[in-house]
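**Q** Attaching a single structure in structure tokens format; questions to follow.
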Amino acid sequence: MNPAGTVSSQGTPLQVARPYLIQQNWDAYTPEQHAVWAELVRRRMPQLREHAAREYLNGFEQIGLREDRIPNLSDVNRRLGPRTGWNATPVSGFLPPDAFFDMLAARQFPTTTYIRSRESMEYTPEPDIFHDVFGHVPMHAHPVFADFLQHYGRVCAALMGDRERLEKMGRLFWFTVEFGVIRQNGRVKLYGSGLISSHREGTHVIEGRPEIRDFSLDQVMEQKFLVSEEQKVLYAVESFEQIYEAAQEAEKRLG
Ligand SMILES: [Fe+2]
């Protein structure tokens with residue numbers, strides 16, 4: 001991690017990402033915006049306490065997220081940085097792929113600071129701080145997941161311009177970081193941010209509607225998906241080491 005937030009792990013400036021880096025103006029959030037955060041968290045937590053991976057729930061505590069107010073990213077990073085070197089770095093919105101991968105490779109997670117309105121509680125097409133921080137960042141406190149995600153960024157950064165290989169890597173991201181599930185104590189638990197942050201998607205899995213297959217890098221890399229639909233197939237890992245090894249294997253095959 002680096003305090004300036006603009007230097008990559010290779011020691012070179014994050015030139016490509018620089019135009020997208022912003023500050024979080026935490027004092028500017030309104031009581032209504034904090035209330036939206038609180039309502040979103042309170043809606044998700046009863047289900048997650050029972051159905052989220054223990055690593056997610058531990059991470060939530062470790063980075064100091066609270067139910068009653070939008071997180072201040074400086075506070076999150078003060079707790080997260082010493083654990084795994086990851087940083088939730090404020091950005092203005094969607095990043096182009098090269099900037100996104102560069103940031104992951106530097107253990108900086110592009111984090112939007114905007115929060116959805118009450119009219120779009122269930123779904124927001126643009127990423128927001130609820131999806132990015134509540135959905136993603138707790139897993140970054142887990143050392144193996146943290147290493148996996150950085151490695152994923154490095155592999156993708158090296159594949160820039162190769163659309164076909166990047167599409168395969170995109171599927172690995174989708175079926176782990178966004179829609180990953182893990183088997184713990186004989187049950188399927190959620191850890192992907194799309195399942196954690198969406199009540200509808202999380203409930204869909206808990207009700208047993210998607211087919212849950214054993215994780216296979218071969219299958220994942222070939223598995224098409226639609227962003228706009230509930231997922232029909234998901235891939236369950238037995239441990240987070242499995243996705244770390246998958247990123248290593250993907251590098252060997254595609255790199
Ligand atoms: Fe996401």
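**Q** Working carefully through the options Gly186, Gly170, Gly153, find the one that is within 18 Å of Ala52 (Cα to Cα) and either surrounded by fewer than 16 Cβ atoms within 10 Å (Cβ to Cβ) or modelled with pLDDT of 95 or more (or both).
**A** After applying the criteria, what remains is Gly186.
**Q** Inside region 166-210, can you point out the residues that are within 16 Å of Met139 (Cβ to Cβ), away from the ligand (no atom under 16 Å from the Cβ) and not charged (D, E, K, R)?
**A** Selection gives Ile182, Gln184.
**Q** Take Arg118 and tell me if it is modelled with pLDDT under 95, over 21 Å from Val181 (Cβ atoms), more than 12 Å from the ligand (Cβ to nearest atom) and surrounded by fewer than 21 Cβ atoms within 10 Å (Cβ to Cβ).
**A** yes
**Q** If you don't mind, another one. Which pairs have Cβ atoms under 7 Å, sit 6 or more apart or on different chains, and link a residue in region 157-186 that is under 15 Å from Ala246 (Cα atoms) and aromatic (Phe, Trp, Tyr) to one that is within 16 Å of the ligand (Cβ to nearest atom) and not in a strand (DSSP E or B)?
**A** Partner pairs satisfying both residue conditions: Phe173/Tyr152; Trp174/Phe225.
**Q** Can you tell me which of Phe130, Phe100, Phe94, Phe109 is within 16 Å of the ligand (Cβ to nearest atom) and out of contact with any Ser or Thr (no Cβ under 9 Å at 6 or more places or on another chain)?
**A** Step by step, each of Phe130, Phe100, Phe94, Phe109 is checked, and only Phe100 is within 16 Å of the ligand (Cβ to nearest atom) and out of contact with any Ser or Thr (no Cβ under 9 Å at 6 or more places or on another chain).
**Q** Touching a Pro at 6+ places or on another chain (Cβ under 7 Å) and at pLDDT 95 or above - does that describe any residue in region 212-225?
**A** no
**Q** Based on this model, can you work out whether Trp26 counts as farther than 22 Å from Arg107 by Cα, aromatic (Phe, Trp, Tyr) and free of Cβ contacts under 8 Å to residues at least 60 places away in the same chain?
**A** yes
The values are calculated or read from the model by the stated rules, or taken from the named source; none is laboratory data. Computed from a prediction, not measured in an experiment: that's the story for all the values here. Backbone-built Cβ (ideal geometry, glycine too); neighbour counts: all protein chains shown.
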